[in-house]
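Peer 1: Have a look at the structure that comes next, please.
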Amino acid sequence: MTAGMENSNAGAGRTIISIDAMGGDKGPATVVAGIAHSAKKNPDIAFILHGPRETLEPLVAKRRHLAGRCEIRHATDIVKMEDKPSHVLRNGRETSMWSALESVRNGEATVCVSCGNTGALMLLSVVRLRKLTGIYRPAIAVLWPSNNPQRFNIMLDGGGDIRADAKDLMQYALMGTSYARNGFGLSRPRVGLLNVGTEEHKGRAELKEAYDLIAANAAHSDFEFVGFVEGRDLPGTVCDVIVTDGFTGNVALKTGEGIAGLISELLREAFRYSPLSRLASVLAYTSLRRLQKRIDPRRANGGVFLGLNGTVVKSHGAADSTGVSAAVKLAFELAQSGFTQKLAARVASATMLDQDGATENSDNGDTV
């Protein structure tokens, strides 16, 4: 509990989210508008807002739903999108991003949300929060609109690290399974490994090795491994979790966002084409609004950094207030589920399984 919230009793019984107010492309006013929208909809949430006090105080004062529910932590510097992560690590102690992560590290907040520089946020998160025991490489899990009952699939890595070997991909499967189980309530998530085809002989050597590792862990970790999947399965119903490296995942994510924007623009053009088409758009307004919500990237905003001693949600840098509010909602739900603790237990269990398997192979004289 923070001192400011103790004085106002605002944090009592509420989940506290730490917010980097200065990271987004649209500025702190958009971030404050987003958290105010969340506060209006959710009485069980409170915030620690990080950034220059003289900038944030007037913005917060205009939002009545934040009254008594938002403490401002003064941070003078800002991490810019063009800043190199290594530079931020050496010189970023006075930034709002660093301050926001410190609140989680010190136990004052449960989750950190930032719209800032992805590389810098990942590096600072790893250094300040540390990786979970047994994790080789953290990953970013993103939500992909799908036809599954839960309406979204989980893809990871969405760009945390462009590299991933077979063991990394196996751990991504475990982390994605835990996310699906706690975020969507899926008792036995289905996991697919992204490849250029579904045949077992296709793909790079590390993918074939990852296939065997994920298959070996499936029964112990209580998930279903469906094998290789293709890009068209990202929004499909074949699986709930799609595992890939950060390079491929980020390209797929940005491609999906571009296609969603293109579809929206083409629909607008089509319905503006003639007086008859404009009349049709009025008649189809309710259905079009429903479609817009389904494909709107803002409503699936928020990539979760998995594999850390603390939960970090990365909002899109260009997020508007709707997108920021969606990221805060995701952060709140993860905090309520005790996600980090459950993920740590699952990874520890899988690590012990791997060690037991290595011991057995060693006893049999096999090469480990």
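The values are calculated or read from the model by the stated rules, or taken from the named source; none is laboratory data. What you see is a predicted model, and the numbers here were worked out from it, not measured in a lab. Here the Cβ is made from the backbone with ideal geometry for all residues, glycine too, and neighbour counts use every protein chain on show. In case anyone asks, the SASA skips ligands and DNA or RNA and just uses the protein heavy atoms, side chains included. Shrake-Rupley method; radii C 1.70, N 1.55, O 1.52, S 1.80 Å.
Peer 1: Rounded to the nearest 0.05, what FRET efficiency is calculated for Val282 and Glu54 with R0 set to 51 Å and r the Cβ-Cβ distance?
Peer 2: Between Val282 and Glu54 the formula returns 0.60.
Peer 1: Taking only DSSP H segments of four or more residues, each worth -39500 (n - 2.57), what value at 222 nm results for the chain once the sum is divided by all its residues, to the nearest 500 deg cm²/dmol?
Peer 2: -16000 deg cm²/dmol
Peer 1: Equivalent-ellipsoid semi-axes (√(5λ), Cα gyration tensor) for the range 6-92, whole Å, largest first?
Peer 2: For the range 6-92, the semi-axes come out at 25, 14, 12 Å.
Peer 1: Taking all protein chains together and a probe of 1.4 Å, list Trp98, Trp144 from the most accessible to the least accessible.
Peer 2: Trp144, Trp98
Peer 1: I want the antiparallel fraction of DSSP beta bridges within the range 129-283, as a percent rounded to 5. Before the final figure, lay out the partial values.
Peer 2: Values: 5 of 16 bridges.
Counting DSSP beta bridges with both partners in the range 129-283, the antiparallel share is about 30 percent.
Peer 1: Here's a follow-up. Could you derive backbone 3J(HN,Hα) for the range 245-254 from the dihedral phi with the Karplus parameters 6.51, -1.76 and 1.60 (θ = phi - 60°), listing whole Hz in sequence and x where the residue is Gly or Pro?
Peer 2: 7, x, 5, 4, x, 5, 4, 4, 4, 5
Peer 1: Between Gly227 and residues 5 or more places away or on another chain, which pairs have amide H atoms under 5 Å apart, with H built 1.01 Å from N, and which residues are they?
Peer 2: Result for Gly227 returns Leu193.
Peer 1: So if R0 is 30 Å, what FRET efficiency would Glu269 and Thr322 give, r being the distance between their Cβ atoms, rounded to the nearest 0.05? Please list the in-between numbers first.
Peer 2: On the way: r = 23 Å, r/R0 = 0.77.
According to the calculation, E is roughly 0.80.
Peer 1: Taking a threshold of 18 Å on the Cα-Cα distance, which of the pairs Lys131/Lys167; Lys26/Lys80; Lys208/Lys342; Lys80/Lys131; Lys80/Lys329 fall above it? Write down the numbers at each step before the final one.
Peer 2: Numbers: Lys131/Lys167 15 Å; Lys26/Lys80 12 Å; Lys208/Lys342 29 Å; Lys80/Lys131 25 Å; Lys80/Lys329 25 Å.
Those over the limit are Lys208/Lys342; Lys80/Lys131; Lys80/Lys329.
Peer 1: Ranked highest first by average number of other Cβ atoms within 10 Å, how do 244-250, 131-137, 146-152 line up?
Peer 2: Final packing ranking: 244-250, 131-137, 146-152.
Peer 1: May I pose another question? Please compute the length gained on full extension between Arg90 and Asp44, using 0.36 nm multiplied by the number of residues separating them and subtracting their Cα-Cα distance.
Peer 2: Between Arg90 and Asp44, full extension yields an extra 12.9 nm.
Peer 1: Using 0.36 nm per residue of separation minus the Cα-Cα distance, give me the extension gain between Lys208 and Lys80 in nm, one decimal.
Peer 2: Fully extending the segment from Lys208 to Lys80 adds 42.2 nm.
Peer 1: Where does the range 129-280 land on Rg(C-alpha)/(2.2 N^0.38 Å)?
Peer 2: Details: Rg = 17.7 Å, N = 152, 2.2 N^0.38 = 14.8 Å.
Taking the Cα Rg and dividing by 2.2 N^0.38 Å, one obtains 1.19.
Peer 1: Let me ask something else. Just order 167-180, 16-29 by mean Cβ neighbour count inside 10 Å, highest at the front, would you? If you can, show how the numbers build up before the last one.
Peer 2: Working: 167-180: 26.1, 16-29: 24.4.
The most tightly packed comes first, giving 167-180, 16-29.
Peer 1: Which ³J(HN,Hα) values in Hz, rounded to whole numbers, follow from the phi angles of the range 202-218 under the Karplus curve 6.51 cos²θ - 1.76 cosθ + 1.60, where θ = phi - 60° and Gly and Pro get x?
Peer 2: Along the range 202-218, the couplings run 8, x, 6, 4, 5, 5, 5, 5, 5, 3, 5, 5, 5, 4, 5, 8, 4 Hz.
Peer 1: For the chain, what are the per-bin percents of Cα-Cα distances with bins 20 Å wide, up to the bin holding the maximum?
Peer 2: P(r) over the chain, rounded to whole percents: 29, 54, 17, 1.
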